[in-house]
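Asks: Shown below is the structure under consideration.
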Amino acid sequence: MGVKTYTNEKRVYFDMDGVLADFEKEGIERKIPFNELKGMIDVYRHLPVMDGAKEAVKRFIEAGYEIFILTKIPTSNPYAATEKIFWVQDHFPEFADRIIISPDKGALGQEGHILIDDHPEWANAHSFAGHGGQVITFKRNWDDVFAEAGV
């Protein structure tokens, strides 16, 4: 892997479940409550890609942002970490060495950084903004995200 250099000027952190991966669609198709689904083994590996997610990632890259995935695993399912990594390798190889798995999203974030999250009320994501970062709540509409981010 070697030593990496980051500009730290413009970054966007994408939450995985509910932003890049369509966890909600999976739950509806399986007819399994979300709280139960997240604890199941072999769920995260096979989630569908969220509509428009690939294009959104490309747009942020073209706008000059460094990109990362910032995701949390459910405490009831430690296998989710490995499954999420495999999912990223399959669907978003540009993130292969830019995956951050943390129970505390508020540990990151500074001026010029953006977190796109469908549930910023979870995993202390509100503290991301407390460090000067911008939190954008994803509501399944990428145009709203672009407008709020100014890209």
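Asks: Test each condition in (1) modelled with pLDDT of 95 or more; (2) open to solvent by 40 Å² or more (accessible area, probe 1.4 Å) for Pro33 and report the one that comes out false.
Replies: Looking at each condition in turn, Pro33 falls short on (1).
Asks: Given the conditions (1) in contact (Cβ under 8 Å) with a residue 24 or more places away in the chain; (2) open to solvent by 10 Å² or more (accessible area, probe 1.4 Å); (3) farther than 22 Å from Arg140 by Cβ, and given that Lys38 satisfies all but one, which numbered condition is not satisfied?
Replies: Condition not satisfied by Lys38: (3).
Asks: I'd like to know if region 3-16 contains one or more residues that are among the β-branched types (Val, Ile, Thr) and either touching a residue at least 40 places away in the same chain (Cβ under 8 Å) or open to solvent by less than 30 Å² (accessible area, probe 1.4 Å) (or both).
Replies: Checked region 3-16: at least one residue is among the β-branched types (Val, Ile, Thr) and either touching a residue at least 40 places away in the same chain (Cβ under 8 Å) or open to solvent by less than 30 Å² (accessible area, probe 1.4 Å) (or both).
Asks: Got a sec? Which of Glu94, Glu148 is under 21 Å from Tyr6 (Cα atoms), in a helix (DSSP H, G or I), out of contact with any Asp or Glu (no Cβ under 9 Å at 6 or more places or on another chain) and open to solvent by 10 Å² or more (accessible area, probe 1.4 Å)?
Replies: One residue alone meets the criteria, Glu94.
Asks: Next question, about the same structure. Out of all the residues in region 38-65, which are assigned to a loop (DSSP other than H, G, I, E, B) and among the charged types (D, E, K, R)?
Replies: Lys38, Asp42, Asp51
Asks: Where residues in region 118-143 are open to solvent by less than 50 Å² (accessible area, probe 1.4 Å), modelled with pLDDT of 90 or more and out of contact with any helix residue (DSSP H, G or I) (no Cβ under 7 Å at 6 or more places or on another chain), which of them is nearest to Phe60 (Cα to Cα)?
Replies: Selected residue: Gly133.
Asks: Is region 66-85 home to any residue that is assigned to a loop (DSSP other than H, G, I, E, B), more than 18 Å from Pro120 (Cβ to Cβ), open to solvent by 40 Å² or more (accessible area, probe 1.4 Å) and in contact (Cβ under 8 Å) with a residue 40 or more places away in the chain? Give the derivation first.
Replies: First pass over region 66-85, keeping only residues assigned to a loop (DSSP other than H, G, I, E, B): 72-78.
Filter once more, keeping what is more than 18 Å from Pro120 (Cβ to Cβ): 75-78.
Next, from what is left, pick out any that are open to solvent by 40 Å² or more (accessible area, probe 1.4 Å): 75-76, 78.
Adding the requirement that they be in contact (Cβ under 8 Å) with a residue 40 or more places away in the chain leaves none.
No, region 66-85 has no match at all.
Asks: Mind checking which residues of region 125-140 are within 14 Å of His113 (Cβ to Cβ) and assigned to a strand (DSSP E or B)?
Replies: Gln134, Val135, Ile136
The values are calculated or read from the model by the stated rules, or taken from the named source; none is laboratory data. From a predicted model like this one, the values you see are computed outputs, not experimental measurements. Ideal geometry is used to build each Cβ from the backbone, glycine not excepted, and the neighbour counts take in all protein chains shown. Side chains are part of the model used for accessible areas, which takes the heavy atoms of the whole protein and leaves out ligands, DNA and RNA. Shrake-Rupley method; radii C 1.70, N 1.55, O 1.52, S 1.80 Å.
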